[in-house]
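Notes follow the structure.
The values are calculated or read from the model by the stated rules, or taken from the named source; none is laboratory data. All of these numbers come straight from a predicted model, not from anything done at the bench. Quick reminder, even Gly has a Cβ in these numbers, built from the backbone with ideal geometry, and neighbours come from all protein chains shown.
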Amino acid sequence: MKYITYSYKEKKSLGVLIDSNVIDLHLVSNGEIPNNMSEFLINFEQNHSWVCININKHKSNSCSLSDVILHAPLENPNSFRDAYAFREHVAAGRKSRGLGMIPEYDLFPVFYFSNHNAICGPGEVEIQKAQSFKLDYELEIAAVIGKEGRNISVDKADDYIAGYTIMNDLSARSLQKEEMKLNLGPAKGKDFSTSIGPYIITKDDLEHKILSSKDGDRYNLSMRAFVNGKLLSEDNFKNITWTFAQIISRVSDGVNIYPGDIIGSGTCATGCLLELNQTKNSNVWLKNGDEIKLEIDELSFLENTLKFI
């Protein structure tokens, strides 16, 4: 299923997208299904099962996708962690700071906490002046957690994922470069805006799964980024170094994860201007009015337009 948060005739609802039609889940379930994604995820397995069994009865009770406004599919996550799971991007990021790769990268997946209150969806994104210098996009996939767990083994970790969505972790590289000299990871360079969307697609709806291994599920999904219509970034989700199963196992070591947590993959190879500038010896960054389109097979596309304020 493809779950969306949307507005129709000034009413915000939780819906499921079937082809180009949107069905209001709270309405067609007579209130049995919650009207927001955060509550839906608390009892995800039960609610998702109801949708799978009953939704075909309500296809006629829908509106057109073209008539709605899409929001972030999960507007208020409990927490937001972002991993560092694509080796090529990690190597490029370290190179930009005059550093080589280190053996610790291969020991365990790493992540940092970002701002779960700065999540937005498709559409216009306002950027304040301090964050507008050397502004960058990051092409990522995010996993949305669908049940609570702790000390989760890698072989069980994929069971805790409700679904996936596209993620654009906007980054102020000028701020990030200075603050990371202090070795605490990114902070103000990252915490002002992250967009996700357009929907959360459940694992049972993904068709391009590569056979699971002891390291967790992998998917053959092409990833692309466009700025003002020009293709700049291209990679594949199957190239992820640390799988989401491995990341979730690490995240849950000694702590609970909860329904509504989101975990980003980290940027894929070539998935940001920082990498591309190094490769091309250029100095290109996002500008006011730029249109960013991130596109991933089966996950559709996430579009944002920048507005500097």
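Summary of computed values
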read-out: Flag for residue 271 being of a type in the set (Gly, Ala, Ser), at pLDDT 95 or above, within 16 Å of the chain's Cα centre (by Cα) and within 29 Å of residue 36 (Cα to Cα); value: no
read-out: Pair list, Cβ under 9 Å, 6 or more apart: the stretch 24-49 residue within 14 Å of residue 76 (Cα to Cα), other residue surrounded by 15 or more Cβ atoms within 10 Å (Cβ to Cβ) and among the hydroxyl-bearing types (Ser, Thr, Tyr); value: 35/13; 36/5; 36/13; 37/3; 37/5; 40/3; 41/258; 42/258
read-out: Criterion violated by residue 141 - all others in (1) within 16 Å of the chain's Cα centre (by Cα); (2) assigned to a loop (DSSP other than H, G, I, E, B); (3) closer than 28 Å to residue 278 by Cα satisfied; value: (2)
read-out: Selection from the stretch 142-161 of residues that are over 20 Å from residue 236 (Cα atoms) and either of a type in the set (A, V, I, L, M, F, W, C) or outside the structural domain of residue 242 (by TED's automatic domain parsing) (or both); value: 145, 152, 154, 157
read-out: Test: residue in the stretch 140-148 that is within 18 Å of residue 308 (Cβ to Cβ) and surrounded by 15 or more Cβ atoms within 10 Å (Cβ to Cβ); value: no
read-out: Test result for residue 164, under 13 Å from the mean Cα position of the chain (by Cα), assigned by TED's automatic domain parsing to the domain that holds residue 129 and closer than 17 Å to residue 304 by Cα; value: no
read-out: Spans of strands (runs of 3 or more DSSP E) in the stretch 203-309 with at least 1 residues closer than 17 Å to residue 85 by Cβ; value: 209-213, 216-219, 222-227, 230-236, 262-264, 291-296
read-out: Which numbered condition residue 175 fails, given (1) in a strand (DSSP E or B); (2) over 24 Å from residue 261 (Cβ atoms); value: (1)
